[in-house]
Amino acid sequence: MLRSQIKMIIVITISFSLMMIFGVGHKLLNDVKLSTWQITASLKKNEIDSDHDWDDWRKNSTVDINHSYIYVHNLRQDAEARYYFSPRADDLLQKKMIKVPFINNLYYRPGFGFLYRRFVSSNGIYYTLWQNIGPQLSILMRVIEVSAILLSVTLVLAPIYIRRLTARLTDPLTDLSTSTQVVHQAEQSGLIQLPVPSQPTEVTELAQDFNHLLALLNQRQDQQKLFVMNAAHELRTPIATIKSHAQLIDRHGADHPEIIEKSVTYITKESRAMQQIIEDLLAILRVETLSLALTRMNVTTAVSEIMQPLEKTIPQKLILQLEPNLMAQTNLEALEQILHNLIQNASKYSKPSDPIVVTLSNKENGSVALTVMDQGLGIPEADKAHIFEHFYRSDDVRGSIPGTGLGLAITKQFVDLIHGHLSVADNPTGGTIFTLLLPSAIDTTHQSGHS
Ligand code: ADP
């Protein structure tokens, strides 16, 4: 990380320096062009073909020609001299100039340095101006020197600064990493939280997030422990009953054969209860790892098709009140499981003579509401908040109506998978209403609701 950051800073500094050098160079060259243009414009106004003319022009001219060499070629009839060289201009022209590539009119002459050339003519007189750009070059050299100093300072200071900055970030991270290694030991004492450093903010937030995650994992682990304990507890009762009846048959079956039939009936009943608990537990595990594809479908058709076979499995009359052609984004398997569980419960907790009503309607927000209404026992207010928990059963049904307390927990898992929302309320005419809200067909971004 350190090396790449240093590289980045060096690249930025070099780019910045180059930009500065090119910018200043460009500006200086433009200045040279302007001053040569001013000189040649002034020259054009005068006819210079002798030292006398030259001195006159110099006296009257306001432009700076301290770094200029001028060569005049006079082709006019009245010319005093055909060729004229300003002071040292003939020396300059004695040797060939070296053209500087890429920049027009820029030449190098050993002994004179870099020169900018401008050529103009007026009234038969041809002027060639050679402007020495030494002063501009010395400014440019200063800029290059400053850039080089800047780069050197950056090279020295950047690693120190970046190392300190990185240490500020990595030191707390290293502490955090060390702490994660002791979490395992701390877990035994029940303290699984990492120390939260106050600086820097990024690491503080990371540690807080990590602790939040640990708390969630901890909570999940507690829930799993509770789930296993409850499962063991629920299985212990039928096992104890089966065991006691088996012992009864073993001890007294020979002398009292009449108890055998009764005990076998109990054993069969408890075995069925155990089997149901195990099947429900397996269902919970299966749904936990299930992922279902949601598709846009006609729920009215889907619900009426699901209801047909269900109707035959219950003694109650099933009344369907379905609005036609309602569309929703859902999954058929989940819908089947949810309806199956709700109808079975409605049937189990109602008298055979009480009808069960299933309705399907459109909500104002575009979602579709599916309700299962019964006129049975109803659910006590205090139990409503718990009936979706694993193994929870109302006191008034425990022992009298068979059940595992897992059906609604499985139903809730399916509801979550289809991003639905399941709620429970009292039926005003007695009994219970379960309402399932299905996200609308258009709203594909809808996230999981709470059930
Ligand atoms: P189970 O029905 O096997 O006990 P569920 O998870 O399906 O388990 O239901 C949990 C509890 O919710 C039930 O024990 C019962 O107390 C209550 N319950 C569920 N549905 C109804 C209903 N339609 N009418 C009355 N009580 C219900």
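The values are calculated or read from the model by the stated rules, or taken from the named source; none is laboratory data. Nothing here was measured: the structure is a model prediction, and the numbers come from that model. Backbone-built Cβ (ideal geometry, glycine too); neighbour counts: all protein chains shown. Note: accessible area is taken over every heavy atom of the protein model, side chains too, but ligands, DNA and RNA are not part of it. Shrake-Rupley method; radii C 1.70, N 1.55, O 1.52, S 1.80 Å.
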DSSP loop chymotrypsin sites (Phe, Trp or Tyr not before Pro) with at most 16 other Cβ within 10 Å: longest gap in the chain:
103-391
Please calculate how many Å² of accessible area the range 85-223 carries per residue, with a 1.4 Å probe and no DNA, RNA or ligand atoms counted.
65 Å²
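Calculate the translational D of the chain in whole µm² s⁻¹ from Stokes-Einstein, where the hydrodynamic radius comes from the Kirkwood formula applied to all Cα pairs, the temperature is 20 °C and the viscosity 1.002 mPa s.
Details: Rh = 32.5 Å.
So the translational diffusion coefficient is about 66 µm²/s.
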Filtering the chain for DSSP H helices with an axial alpha carbon extent of at least 18 Å and a Kyte-Doolittle mean of at least -1.0 returns 2-44, 134-188, 201-252, 258-288, 332-348
Counting only protein heavy atoms and a 1.4 Å probe, tell me what percentage of the chain's accessible area is made up of carbon and sulfur.
58 percent
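Counting Lys and Arg as +1 and Asp and Glu as -1, each charge on the Cβ, what is the dipole of the range 197-294 about the Cα centre in debye, to the nearest 20? Before the final figure, lay out each step's value.
Details: 9 positive and 13 negative charges, 66 e Å.
Charge dipole of the range 197-294: 320 debye, to the nearest 20.
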Quick calc: nm separation of the 7 Å Cα→Cβ label points for residue 104 and residue 351 -> 10.8 nm
Taking the alpha-carbon distance from residue 59 and a cut-off under 20 Å, which lysines remain once sequence neighbours fewer than 8 residues away in the same chain are dropped?
44, 45
Percent of Cα-Cα pairs per 5 Å bin, from 0 to the last occupied bin, for the range 1-122, please list those.
2, 9, 15, 18, 15, 12, 8, 5, 5, 4, 3, 2, 2, 1, 0, 0
Output wanted: per-residue J couplings in Hz (rounded whole) for the range 387-398, from phi through Karplus 6.51 cos²θ - 1.76 cosθ + 1.60, θ = phi - 60°, x for Gly and Pro.
5, 8, 7, 4, 6, 7, 9, 5, 4, 6, 10, 4
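Scale the Cα Rg of the range 223-274 by the rule-of-thumb value 2.2 N^0.38 Å and send over the ratio, two decimals. Don't skip to the answer; put the middle values down first.
Values: Rg = 14.0 Å, N = 52, 2.2 N^0.38 = 9.9 Å.
Rounded to two decimals, the normalised Rg is 1.42.
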Which value at 222 nm does the chain reach when only helices count, each DSSP H run of 4 or more adding -39,500 (n - 2.57), with the total divided by all residues and rounded to the nearest 500 deg cm²/dmol?
-19000 deg cm²/dmol
For residue 369, net neighbour charge (Lys/Arg +1, Asp/Glu -1) across residues whose Cβ lies under 12 Å away:
-1
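Whats the longest run of the chain with zero trypsin sites (Lys or Arg not before Pro) that are DSSP loop and have at most 16 other Cβ atoms within 10 Å? Walk me through the numbers before you get to the answer.
Numbers: sites that count: 45, 76, 82, 88, 95, 96, 312, 317, 363, 398.
So the longest stretch without any such site is 97-311.
How charged is the neighbourhood of residue 278? Take every other residue with its Cβ under 13 Å from the Cβ of residue 278, and add Lys/Arg as +1 and Asp/Glu as -1. Before the final figure, lay out each step's value.
Values: positive: 272, 286; negative: 234, 270, 279, 280.
After counting each charged neighbour, the total is -2.
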Inter-probe distance in nm under a simple model that places probes 7 Å from Cα toward Cβ, at residue 311 and residue 73
11.4 nm
Taking the Cβ of residue 382 as the centre, find all other residues whose Cβ is under 14 Å away and add up their charges (Lys, Arg: +1; Asp, Glu: -1).
-4
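Run the dipole for the range 38-138 about the Cα centre, Lys and Arg Cβ at +1, Asp and Glu Cβ at -1, nothing else charged, and hand back the magnitude in debye, nearest 20.
Values: 13 positive and 11 negative charges, 116 e Å.
It works out to roughly 560 debye.
Of the chain, which part is the longest with no GluC sites (Glu not before Pro) in a loop (DSSP not H, G, I, E, B) and with at most 13 other C-beta atoms within 10 angstrom?
Values: sites that count: 80, 364.
It runs 81-363.
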Förster radius 25 Å - calculated FRET efficiency between residue 223 and residue 175 (Cβ-Cβ, nearest 0.05):
0.25
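Heavy-atom accessible area per residue, the range 291-405, 1.4 Å probe: how many Å²?
On the way: 5800 Å² over 115 residues.
Computed with neighbouring chains in place, this is 50 Å² per residue.
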Could you work out the pair-distance distribution P(r) of the range 253-340 from its alpha-carbon pairs, with 5 angstrom bin width and percents rounded to whole numbers?
3, 11, 13, 14, 13, 13, 10, 7, 5, 5, 3, 2, 1, 0
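Among 424, 264, 368, what's the order by accessible area (1.4 angstrom probe), most exposed first? Intermediate values should be presented prior to the final figure.
Details: 424 30, 264 70, 368 0 Å².
Descending accessible area places them as 264, 424, 368.
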Contact order relative to length for the chain, counting C-alpha pairs under 8 Å separated by 6 or more residues, stands in percent at 10 percent
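In square nanometres and to one decimal, what's the mean projected area of the convex hull around the Cα atoms of the range 62-188? Numbers along the way, then the final one.
Details: hull surface 59.8 nm².
In nm², the orientation-averaged hull projection of the range 62-188 is 14.9.
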Could you work out how much longer the chain between residue 323 and residue 151 gets when fully extended? Use 0.36 nm per residue separation minus the Cα distance between them, nm to one decimal.
54.3 nm
What lysines does residue 317 reach when the alpha-carbon gap must be under 28 Å and sequence neighbours fewer than 8 apart in one chain are set aside?
269, 348, 351, 363, 384, 412
